[in-house]
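> Please read through the structure below; I'll follow up with questions.
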Amino acid sequence: MNEKLKNHNLKGYELKGIEPARLDVYRLSVSYGNYNALDNITFSINHGERVAVIGPNGAGKSTLFKALIGLISPFKGKILIHGQPLGYHFDCVAYIPQREEVDWMFPVTVRDVVQMGRYSKSLRFKRRFKQDDSSEVDDAMKQMDIYSLADRPIGDLSGGQQQRVFIARALAQRPHIFLMDEPFNGIDVITGDIIWDLLDKLKQESVTVLIATHDLNLASQRFDSVILINKEMISAGQSSKVFTKENLLKAYGQQIMHIGNSIITDQCCPREIK
Amino acid sequence: MINWLLAPFAYEFMQRGFFASLIVGTICATMGCYVVIRSMAFMGDAMAHAILPGVAIAYILNGSLAFGALIASIIIALGIGQLSKIARLKEDTAIGILFSAFLALGILIISTIRTYAIDLSHILFGNILGVSRNDLIFTSVTGCIVLLFLFIFYKEFLIISFDRVYAKAVKIPVEFYRHFMLVLMALTIVASIQTVGVVMVAAMLVTPAASAYIITRRLPSMMAVSCLIGILSSTIGLYISFYANVASGAAIVLTATIIFLAVFLFSPKRGIIWRKLKRI
């Protein structure tokens, strides 16, 4: 654990257990020119926790994920994985992009894409694919139920199947931390079920999972904890403590309504929150 | 028939021209696959035209034309990246500015040379029949270097082309490989200029690869088919050039275009005729 970090008083975010937490984010700020995409984000996540990252459109959820896989530099603050700064570990964080970010007409098959997941583990130095690499790839495809589609070009698949290809690539990477950006957007029921089976399995293997989502109800029901951000840190912890009226107003402003016990957010017309 | 096919090879310059065009067909077609899937067609066009001032200056200084061409096309490739970054312009705008500037500069310099018209047309359209022994050696060596690097760094080039974000996340130096690819493209262009010329090399970088893109669904098979089309176009084009007595570069490019049209019309999966038939 970093000395400087230890000396600070991390209210509500202290570490549990003996081992350093899997993921610590401390006072993370990212700005593009004069625009602050993320300001002073601090949280800590334990091994195997399933965490929902919640916030309105443009709250910086994707920016946060990109920072966690080292795509954003420079940033202010600290990101520690197993107590070590970003870049110390080779590829223990896997990121599953939103479907819109991919060129689906690219001439690659399902297997080609999933094999890319083994790049850091074997291809970079050995340049060759070994037996255990291809069984790793096969396992990942089977787990996502796309093994029968292995030799099909990715452009031929349905939206849900395409999503599963990228999850399989991340699985082949054997990461300690999974980052998924809106995985439940526009997918079929089967894919949804497969993703939830996977999430349960990852939990058993104590793989940490962070999922960016719009769905507050899902976040409060099926996740260990939630992180609520809107460019700045609003709250982190158990959903019952985080989803207070005050916090939600802070995050969503006038876009949110309480009706009895249910929460409704208006996502179609996000407004500037001052 | 056999006599007809063998007749051109009675001339030594035809043999050399034939080998040169086979090599050009292969490397342009392979490199072209990246040009097509990375949407760099305009960049290829610009790099090809940008060699003009390099060639002209080398001509005046009595230096190596190929070396002058290489330097000029690398300068424009890196210049485009820097200009679009620093001036915050879209890449195609930066290409448009530098491309025409280099072309104008090249013509300006060439116009100071007496034998202006002949020299210019050789550079623009190539002169396959004027391929010397040294030219052929240069083209072969350069071509082998390009193919070798494309083969060795296949995985990296594939990953940075398909998914930049993932490439960065697994710590592939994306910018390094992007520039590396531009240098390989410059080498491809320089190796091809003698045979097909500035104007045609841009077409050879795009047309065979685009035809292959329509038929195939994986990068390795796309490269293989693209090479096949490149070689086929070179061969057929040369025969047409020999018997019809027309410019060789133009004949090669038009053959490639006809193959593209055939593929575009008749391809089982994406061809328009089949799609129309299926609807009926």
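> Taking amide H atoms as placed 1.01 Å from N in the peptide plane, list the residues 5 or more away in sequence, or in a different chain, whose amide H sits under 5 Å from that of A:Gly117.
It is none; the list stays empty.
> DSSP beta bridges in the protein assembly as shown, what fraction antiparallel, as a percent rounded to 5? Show your work: numbers first, answer last.
Numbers: 24 of 43 bridges.
So the antiparallel bridges in the protein assembly as shown amount to around 55 percent.
> So what is the 222 nm mean residue ellipticity for chain B from helices alone, if each DSSP H run of at least 4 adds -39500 (n - 2.57) and you divide by all residues, rounding to the nearest 500 deg cm²/dmol?
My calculation for chain B gives -28000 deg cm²/dmol from helical runs alone.
> Then there's this: Given charges of +1 on the Cβ of Lys and Arg and -1 on the Cβ of Asp and Glu, with all other atoms neutral, how large is the dipole of the protein assembly as shown about its Cα centre, in debye to the nearest 20?
Working: 54 positive and 41 negative charges, 46 e Å.
Once rounded to the nearest 20, the dipole reads 220 debye.
> Which of the aspartates and glutamates could a cross-linker span from A:Lys76 if the Cα-Cα distance has to be under 15 Å and same-chain partners fewer than 8 positions apart are dropped?
Qualifying aspartates and glutamates at Cα under 15 Å: A:Asp24, A:Asp39, A:Glu232.
> As an exercise, take the mean of 1/r over every pair of distinct alpha carbons in chain B, invert it, and state the Kirkwood radius in angstroms. All intermediate terms of the calculation are to be shown ahead of the outcome.
Details: mean 1/r = 0.0514 Å⁻¹.
With all distinct Cα pairs of chain B included, I get 19.4 Å.
> In which sequence would A:Lys201, B:Lys90 go, from the one with the fewest C-beta neighbours within 10 Å to the one with the most? Each step should come with its number before you reach the end.
Numbers: A:Lys201 12, B:Lys90 9.
By the 10 Å Cβ count, ascending: B:Lys90, A:Lys201.
> Take every DSSP beta bridge with both residues inside region A:86-225 and express the antiparallel ones as a percent of the total, to the nearest 5. Spell out each step's value before the answer.
Values: 1 of 10 bridges.
Antiparallel bridges: around 10 percent, rounded to the nearest 5.
> Additional query: Below 8 Å between Cα atoms, with a sequence gap of 6+, how large is the relative contact order for region B:2-279 in percent? Mind showing how you got there, number by number?
Numbers: 411 pairs, mean separation 79.5, N = 278.
Computed value for region B:2-279: 29 percent relative contact order.
> Lys/Arg Cβ at +1, Asp/Glu Cβ at -1, dipole of region B:2-279 taken about the Cα centre: which of B:Phe151, B:Phe162, B:Phe99 is farthest positive-ward?
Positive-most Cα among the choices belongs to B:Phe162.
> Taking a point 7 angstrom from the Cα of A:Asp139 along the C-beta vector, which residues in region A:186-200 have backbone N less than 18 Å away?
Flagged as within label range: A:197-200.
> Sticking with this structure for a sec: For the protein assembly as shown, what is the Kirkwood hydrodynamic radius in Å, using each pair of distinct C-alpha atoms?
Kirkwood hydrodynamic radius for the protein assembly as shown: 26.6 Å.
> In 5 Å bins starting at 0, how do the alpha-carbon pair distances of region B:126-205 split up by percent?
Values per bin, smallest distances first: 3, 15, 21, 19, 15, 11, 8, 5, 2, 1.
> Over 24 Å between Cα atoms, which of A:Lys78/A:Lys203; A:Lys142/A:Lys203; A:Lys231/B:Lys90 qualify? Numbers along the way, then the final one.
Values: A:Lys78/A:Lys203 26 Å; A:Lys142/A:Lys203 19 Å; A:Lys231/B:Lys90 28 Å.
Pairs exceeding 24 Å: A:Lys78/A:Lys203; A:Lys231/B:Lys90.
> Report the one residue of B:Val131, A:Ile69, B:Gly17 whose Cα lies farthest in the direction of the positive end of the charge dipole of the protein assembly as shown (charges on C-beta: Lys and Arg +1, Asp and Glu -1; origin at the Cα centre).
A:Ile69
> Sum up the charges of everything whose Cβ sits under 14 Å from the Cβ of A:Phe65, counting Lys and Arg as +1 and Asp and Glu as -1, but leave A:Phe65 out. Before the final figure, lay out the partial values.
Numbers: positive: A:Lys61, A:Lys66, B:Lys168; negative: A:Glu101, A:Asp181, A:Glu182.
Here the charged neighbours net out to 0.
> Just rank B:Ser161, B:Ser140, fewest to most, by other beta-carbon atoms within 10 angstrom. Present the calculation step by step, with values, prior to reporting the outcome.
Details: B:Ser161 22, B:Ser140 16.
The most exposed by this proxy come first: B:Ser140, B:Ser161.
> Nearest 20 debye, what's the magnitude of the dipole of region B:2-279 about its Cα centre given +1 on Lys and Arg Cβ and -1 on Asp and Glu Cβ?
Details: 20 positive and 9 negative charges, 250 e Å.
Computed about the Cα centre, the dipole is about 1200 debye.
The numbers here are math on the coordinates, done by the rules we state, and not lab data. Owing to the predicted nature of the structure, the values given are computational and were not obtained by experimental measurement. Please note: Cβ atoms are built from the backbone with ideal geometry, for glycine as well, and neighbour counts cover all protein chains shown.
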